[in-house]
Amino acid sequence: MFSPGSHPNIALPHPTTGLPAALDPTLGLRGDYRRMRADYVTEQDWEGYTGAEHDLWRQLYARQVVVAKRYAADAFLTGLSRLQMPQDRVPRFDETSDRLQALTGWRIVAVPGLIPEDAFFLHLAKRQFPVTVWLRRPDEIDYLVEPDVFHDFFGHVPLLTQPVFADYLQEYGRKGQEAIQLGTTRMLTRLFWYMVEFGLIRGSDGIKAYGAGMLSSATETAFSIDSRQPHRLKFNLARVMRTDYRIDSFQQSYFVIDNFTELFEAMQQPFAPIYADLHGEDIIPASGLISSDVVLQVGQQTLA
Ligand code: HBI
Ligand code: FE
C-alpha cells in the first residue's frame with residue numbers, strides 16, 4: 001500500500017516491457033493524456049471540477065492544515081499564506097502562478113498526471129512546476145497511488161515561494177538531462193524522493209517536515225517527526241543517492257537538513273564525479289545504516 005499522499009516512482013522500468021511507467025500504456029496511468037502538448041502541458045479546465053470535488057478539496061485542506069501547523073517547516077507555512085491558496089475549492093492554477101511568479105519566478109503548469117522523467121526535469125529547469133489536474137475520489141481520501149492535484153499543489157507549491165529551495169529545485173531539473181545521458185537517473189531520483197518528497201529540516205523548536213509526500217499525507221507527517229521507528233540521519237548527498245526507498249509504506253529513514261542553503265550548495269557541485277564514485281558502491285537498504293552516517297536518531301525499525 002502506498003503511503004497516503006506519496007506517489008510511486010515512475011523511473012522504475014516496467015518489469016516486462018522495460019518502458020518507463022509513464023510511457024507504458026499497460027500501467028493504465030490515471031489522467032487524460034489525449035489533449036496535451038508535446039511537453040505534456042494541458043489545460044486545467046477549472047470549470048470542469050464538480051461541487052463534490054471542491055468539497056473534497058476543502059476536507060483535505062482542513063485536515064492537512066492542522067497537520068502542517070503542528071509539524072511543517074516555517075517556510076512551508078509562510079508559503080501557504082503567501083500564496084493565499086484557496087481552502088474551500090480547487091485552486092485555479094493561473095491565479096496562484098501569478099503570485100508565485102512574483103515571489104520566485106516559478107510558475108505552475110497543468111499536466112494530466114505522472115509524466116516521463118525527461119519532460120519533468122525540463123519543466124523544473126525552466127522554473128515550471130508540473131501539477132496534476134485531477135483530484136482523488138472521496139474513497140481515496142487516505143490512500144492514493146499516483147500524485148493528484150492535492151498532493152502536487154498543497155504539498156509542493158508552498159515551498160516554491162522559498163527562494164533558496166526554488167533555486168535548488170531548478171538546479172535539480174537542470175541536472176536531469178545529464179543524469180539521463182549518464183544512465184544515473186536512479187541516483188537523482190533518490191535525491192528527489194528523500195529531499196523533495198520526504199525531507200526534514202531543523203527548526204527553531206526541533207525537527208520539522210518540509211517534504212510534499214509527507215505534508216500531503218494525513219499520517220506520514222506525524223510519523224516522520226514523532227515515531228521511534230525510522231532513522232533520522234543528517235543529510236549527505238552521496239549517501240542519499242545510494243539509498244533505496246520504499247513506495248509502499250512510510251519511510252524507514254529520513255534525512256535532515258539544517259537549512260535550504262545546505263541543499264542548494266550540495267546541488268552546485270558537478271554530479272558526474274559523484275555518480276562515478278558511487279558506481280561500484282552497494283545500494284543501502286531503506287532501513288540501513290553505514291559507518292559514516294551522522295545519526296540523529298536510530299530508528300527501531302519495527303515496521304520493516
Ligand atoms: N511527473 N507529474 C509528475 N509528478 C512527479 O512528481 C514526477 C513526474 N515524473 C517523474 C517524477 N516525478 C520522478 O521520477 C522524480 O523522481 C523526478
Ligand atoms: Fe510529489
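Derivation of every value follows stated rules applied to the coordinates shown; laboratory data play no part. What you are looking at is a predicted structure, and each value in this text was computed from that prediction instead of being measured. With ideal geometry, Cβ positions are generated from the backbone for all residues, glycine too; neighbour counts draw on all protein chains shown.
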Identify all lysines with a Cα-Cα distance to LYS175 below 20 Å; exclude those on the same chain that are fewer than 8 residues away in sequence.
LYS126
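Run through the DSSP bridge list for the stretch 21-297 and note the antiparallel percent, rounded to the nearest 5.
Looking only at bridges with both residues in the stretch 21-297, the antiparallel portion is about 30 percent.
Once Rh is set to the Kirkwood radius over Cα pairs, what Stokes-Einstein translational diffusion coefficient, in µm²/s, holds for the stretch 156-304 at a temperature of 25 °C and a viscosity of 0.890 mPa s?
Numbers: Rh = 15.6 Å.
Diffusion coefficient, whole number: 157 µm²/s.
Place a +1 charge on the Cβ of each Lys and Arg in the chain and a -1 charge on the Cβ of each Asp and Glu, then give the dipole magnitude about the Cα centre in debye, rounded to the nearest 20.
Working: 29 positive and 37 negative charges, 75 e Å.
So the dipole magnitude of the chain works out to roughly 360 debye.
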The set of residues whose placed amide H lies less than 5 Å from the amide H of ARG107, leaving out same-chain residues fewer than 5 positions away, is GLN128, PHE129
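Tell me, what is the FRET efficiency for GLN297 and ASP88 to the nearest 0.05, using R0 = 51 angstrom and their Cβ-Cβ distance as r?
It comes to 0.85.
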Please list the radius of gyration and Dmax for the chain, considering alpha-carbon atoms only, with Å as the unit.
18.1, 55
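Taking 0.36 nm per residue of separation and subtracting the Cα-Cα distance, what length does fully extending GLU281 through ILE141 add?
Values: separation 140, 0.36 × 140 = 50.40 nm, distance 3.96 nm.
Stretched out fully, the GLU281 to ILE141 stretch lengthens by 46.4 nm.
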Nearest 500 deg cm²/dmol is fine: what mean residue ellipticity at 222 nm does the chain get from its DSSP H runs of n ≥ 4 alone, each adding -39,500 (n - 2.57), divided by its residue count?
-10500 deg cm²/dmol
Ordering of 268-275, 142-149, 232-239 by packing [mean C-beta count within 10 Å, highest first]
142-149, 232-239, 268-275
Options VAL164, VAL111, LEU56, ranked by Cα towards positive dipole end of the stretch 21-297, top entry (Cβ charges)
VAL164
Relative contact order, percent, the stretch 21-297 [alpha-carbon distance under 8 Å, six or more residues apart]
18
I need TYR61, TYR194 ordered by Cβ neighbour count within 10 Å, fewest first.
TYR61, TYR194
Reach of LYS234 by Cα under 12 Å, taken over aspartates and glutamates that are not fewer than 8 positions away in the same chain
ASP258, GLU262, ASP293
A convex hull over the alpha carbons of the stretch 60-99 yields, per residue, a volume in Å³ of 61
